[in-house]
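Below: the structure, in structure tokens.
The values are calculated or read from the model by the stated rules, or taken from the named source; none is laboratory data. Not measured: the values here are computed from a predicted model. We place every Cβ from the backbone using ideal geometry, glycine too, and count neighbours over all the protein chains shown.
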Amino acid sequence: MEEYYMMWLSRIPKIGVHKILLLLDHFKTAQAVWEASLEELRQVKGLSIVHCKEIENAKQPQQLEQWIEELEEKNIGFISIKNPKYPYLLKQIYDPPAGFYIKGFLPDDDIDKVSIVGARRCSQYGASVAYKLAKDLAGANIVIVSGMATGIDGMSHLGVLDGGGQTIAVLGTGVDICYPAEHKNLMERIIENGCVLSEYPPGMAAFGKNFPKRNRIISGLSSMTIVVEAGRRSGTLITADQALENGREVFVVPGNVTSPLSEGTNDLIKQGCPIITEFEDVLFALGIAYTEEEKEAFQKHMAENMQKEEKEVYQCIGKEAVDAQTISRMLHKNIQEIQYSLTLLEIAGHIRKLPQSGYIREG
């Protein structure tokens, strides 16, 4: 029942995590705060009379019961900052959530977590890099954290799921709301292989002001944040700034210097953020090393677990160069689908593009 009282505290207007910790330091439990009189509340140092009245007015037993019933009906959990399951890294940031709602399961705290973020309106290059990077990291048992938005976020979740890994999506809405709506299937897969979580209560709709605030949780859950693609005024840069402010590392995937989508990322590089070009760079930064035998086994595993579309394209390529248009005609698929698969295969090192000739297999 203590967690429900913690949920109640977290939902009181103008009572943030720092005031909640003051209350818990004084009363020891959230239930004791609920049971405290107004006079007892006024004895807490650092709490104004306005705060005390907010707490007193929020003691609505019927409403609390309705909130509890809603969580049970929707199979939603709540993890408070006092719960042993609360992620250690998240607790270390300046303004951690007092608690969060969750659907699915929280990956073990001792598994490395990496955030991958970027533009919603990303390029094909950005999408393919995010997907491939996340998929490779899944094979190394790295949990990917992102925001389930369209573009880089969605491709990162998709990549880690296709690689058989675990992922966490931090939402700017309630966990019972799928935003954007077209990510319904993706959200279901995330819940089956990790979780969606939010500091906002069930039923909270998508308000613009909520998304920049939730970004601190994305970076806070991870030891490092990777920015794949971002314009100069992108909200992604807020996540990067928050990560740096909380002492976390920020890495950047370099982009096309002529693309507006790369202005923000390339600015981060100029400011000294290290560059990521392959998943081994991430493992090195995390202090993870593999033997040559382990690397070979991993590459074999990745080759055997290509997606159906990638395999079809790969089978059309041999030692003689073949271009995208030819493959498109052979498979009766549009050129955009073929180009996407070719990009993934090239990034993975399975094929190589020859100048003005086409693609050949590597190795």
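For the structure I just gave you, tell me whether Met187 is over 22 Å from Gln242 (Cβ atoms), without any contact (Cβ under 8 Å) to a residue 40 or more places away in the chain and over 11 Å from the mean Cα position of the chain (by Cα). Walk me through it before giving the result.
Details: over 22 Å from Gln242 (Cβ atoms): yes; without any contact (Cβ under 8 Å) to a residue 40 or more places away in the chain: yes; over 11 Å from the mean Cα position of the chain (by Cα): yes.
Yes; evaluated as a whole, the condition is true for this residue.
Please work out if Ile276 is in contact with a helix residue (DSSP H, G or I) (Cβ under 9 Å, 6 or more places away or on another chain), of a type in the set (A, V, I, L, M, F, W, C) and either at pLDDT 85 or above or closer than 18 Å to Lys135 by Cβ (or both).
Details: in contact with a helix residue (DSSP H, G or I) (Cβ under 9 Å, 6 or more places away or on another chain): yes; of a type in the set (A, V, I, L, M, F, W, C): yes; either at pLDDT 85 or above or closer than 18 Å to Lys135 by Cβ (or both): yes.
Considered against the rule, which asks whether it is in contact with a helix residue (DSSP H, G or I) (Cβ under 9 Å, 6 or more places away or on another chain), of a type in the set (A, V, I, L, M, F, W, C) and either at pLDDT 85 or above or closer than 18 Å to Lys135 by Cβ (or both), Ile276 comes out as yes.
Which residues, taken from the range 66-84, are without any contact (Cβ under 8 Å) to a residue 40 or more places away in the chain and either surrounded by 13 or more Cβ atoms within 10 Å (Cβ to Cβ) or of a type in the set (Phe, Trp, Tyr) (or both)? Give the steps one after another, and end with the answer.
Quick first cut of the range 66-84, residues without any contact (Cβ under 8 Å) to a residue 40 or more places away in the chain only: 66, 69, 72-73, 75, 77, 84.
Within the range 66-84, Gly77 is the sole residue that qualifies.
Taking the residues in the range 114-126 that are crowded, with 24+ Cβ neighbours inside 10 Å and either of a type in the set (A, V, I, L, M) or more than 11 Å from Met155 (Cα to Cα) (or both) as candidates, determine which candidate is modelled with the lowest pLDDT.
Ala119
Return yes when Val143 is modelled with pLDDT of 95 or more and out of contact with any helix residue (DSSP H, G or I) (no Cβ under 7 Å at 6 or more places or on another chain) and no when it is not.
On the way: modelled with pLDDT of 95 or more: yes; out of contact with any helix residue (DSSP H, G or I) (no Cβ under 7 Å at 6 or more places or on another chain): yes.
Yes, satisfied.
Scan the range 70-109 for residues that are assigned to a loop (DSSP other than H, G, I, E, B), out of contact with any strand residue (DSSP E or B) (no Cβ under 6 Å at 6 or more places or on another chain) and among the charged types (D, E, K, R) and report the count.
Counting residues in the range 70-109 that are assigned to a loop (DSSP other than H, G, I, E, B), out of contact with any strand residue (DSSP E or B) (no Cβ under 6 Å at 6 or more places or on another chain) and among the charged types (D, E, K, R) gives 4.
Quick check on Leu268: is it crowded, with 19+ Cβ neighbours inside 10 Å, farther than 30 Å from Gln63 by Cα and assigned by TED's automatic domain parsing to the domain that holds Tyr125?
Yes: the conditions hold for Leu268.
When the range 239-261 is examined, which residues are found to be farther than 29 Å from Tyr94 by Cα and touching a Gly at 6+ places or on another chain (Cβ under 8 Å)? Don't jump to the end; show me each part of the working.
Applying the first criterion (farther than 29 Å from Tyr94 by Cα) to the range 239-261 yields 254-261.
Matches in the range 239-261: Gly255, Pro260, Leu261.
Quick one: is Val33 of a type in the set (Val, Ile, Thr), surrounded by 18 or more Cβ atoms within 10 Å (Cβ to Cβ) and assigned to a loop (DSSP other than H, G, I, E, B)?
no
Looking at the structure I just gave you, is Glu293 modelled with pLDDT under 75 and not β-branched (Val, Ile, Thr)?
The answer is yes for Glu293.
Across the range 46-79, what is the total count of residues that are under 17 Å from Gly99 (Cα atoms) and polar (S, T, N, Q)?
1
Tally time: how many residues in the range 204-225 are out of contact with any helix residue (DSSP H, G or I) (no Cβ under 8 Å at 6 or more places or on another chain) and either under 17 Å from Asp241 (Cα atoms) or modelled with pLDDT under 90 (or both)?
The first filter runs over the range 204-225 and keeps only residues out of contact with any helix residue (DSSP H, G or I) (no Cβ under 8 Å at 6 or more places or on another chain), leaving 205-211, 213-214.
Narrowing the set further to residues that are either under 17 Å from Asp241 (Cα atoms) or modelled with pLDDT under 90 (or both) leaves 206-211, 213-214.
Residues meeting the conditions: 8.
With (1) in a helix (DSSP H, G or I); (2) farther than 18 Å from Ile79 by Cβ as the list, and Met7 as the residue in question, which single condition is left unmet?
Every listed condition holds for Met7 apart from (2).
Looking only at residues in the range 322-341 that are among the polar types (S, T, N, Q) and in contact with a helix residue (DSSP H, G or I) (Cβ under 9 Å, 6 or more places away or on another chain), which one is modelled with the lowest pLDDT?
Taking the range 322-341 and keeping what is among the polar types (S, T, N, Q), we get 325-326, 328, 334, 336, 339, 341.
Now drop any that are not in contact with a helix residue (DSSP H, G or I) (Cβ under 9 Å, 6 or more places away or on another chain), which leaves 325, 328, 334, 336, 339, 341.
Details: Gln325: 85, Ser328: 87, Asn334: 82, Gln336: 69, Gln339: 77, Ser341: 80.
By that ranking, first place goes to Gln336.
Residue check: is Val196 among the aliphatic types (A, V, I, L, M), at pLDDT 90 or above and touching a Lys or Arg at 6+ places or on another chain (Cβ under 7 Å)?
In short, yes.
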